[in-house]
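The structure under discussion appears below in the form of structure tokens.
The values are calculated or read from the model by the stated rules, or taken from the named source; none is laboratory data. These figures come from a predicted structure and were not determined experimentally. When we count neighbours, we look across all protein chains shown, and the Cβ atoms used for this are built from the backbone with ideal geometry, even at glycine. For the accessible areas, the whole protein counts, side chains as well, though only heavy atoms, and no ligand, DNA or RNA atoms are used. Shrake-Rupley method; radii C 1.70, N 1.55, O 1.52, S 1.80 Å.
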Amino acid sequence: MSRLVYVLNGPNINLLGKRQPHIYGHETLADVERDCRTLARELKLEIKFHQSNREYEIIDWIHEARETAGGIVINPAAFTHTSVAILDALNTFEAPVIEVHISNVHKREPFRHHSYVSLRADGVIAGLGTQGYQLGLRRIAKLIDEKPTAKA
Ligand code: DQA
């Protein structure tokens, strides 16, 4: 199985570090990307790291991942709670999907308690801060390592 993993981020995550730091912390998205790249080297994964405020771009990256990737770590941000289109795109992807939320969405407003993406995700990490991305990568690496290779 491919060791390429897409790490995808939804709207407003570009403002990490500046946006409501009491909820999302002081680390920037560049810090998260750096930590993911460092860990990916250790886990022998290749990563594509993206953020967009536009739903269609996230969908296009999921379609790209279908062709090439062994897993997706996704923080869909507010699209988590609204996007049937992202759920539909993830349902076309066959390898592992881990949903990550920096904050504990279940401790927050009721509208954050429902996730369309969780209907597809193989695992969900919430409330562990930006460490959630690294735990998501570790899980995907384990699933890839455990997957029996197809016999010729
Ligand atoms: C978030 C939680 C969402 O409810 C919110 O809309 C976000 C970020 C998180 O990482 O905690 O933008 O996905």
- If R0 = 30 Å, then K107 and T149, at their Cβ-Cβ distance, give a FRET efficiency to the nearest 0.05 of 0.15
- Using alpha-carbon positions, the gyration tensor of the stretch 68-152 gives root eigenvalues a ≥ b ≥ c; with a/c under 1.5 called rounded, otherwise prolate if a/b exceeds b/c, else oblate, the class is oblate
- Tilt, helix 55-68 to longest principal axis of the chain (alpha-carbon atoms), in degrees rounded to tens, equals 20
- Distance between the stretch 14-53 and the stretch 104-152 - C-alpha centres, whole angstrom: 15
- In order through the stretch 18-25: 3J(HN,Hα) via Karplus (6.51 cos²θ - 1.76 cosθ + 1.60), integer Hz, x for Gly, Pro: 9, 8, 5, x, 5, 9, 9, x
- Excluding G10 itself, what net charge comes from residues whose Cβ is under 12 Å from its Cβ, given Lys and Arg +1 and Asp and Glu -1? -2
- Item | Neighbourhood charge, 13 Å Cβ-Cβ cut-off, centred on L87 and excluding it, Lys, Arg +1 and Asp, Glu -1 | -2
- Message: What does the C-alpha gyration tensor say about the overall shape of the stretch 1-96? Classify as rounded when a/c is under 1.5, otherwise prolate if a/b is larger than b/c, or oblate.
- Response: oblate
- Message: Given a Förster distance of 25 Å, report the FRET efficiency between A30 and N53 from their Cβ-Cβ distance, rounded to the nearest 0.05.
- Response: 0.90
- Item | Share of carbon and sulfur in the accessible heavy-atom surface of the stretch 1-126 [1.4 Å probe, %] | 50
- Query: In degrees between 0 and 90, to the nearest 10, how far off the longest principal axis of the chain does helix 29-43 point, with axes built from Cα atoms?
  - Reply: 30
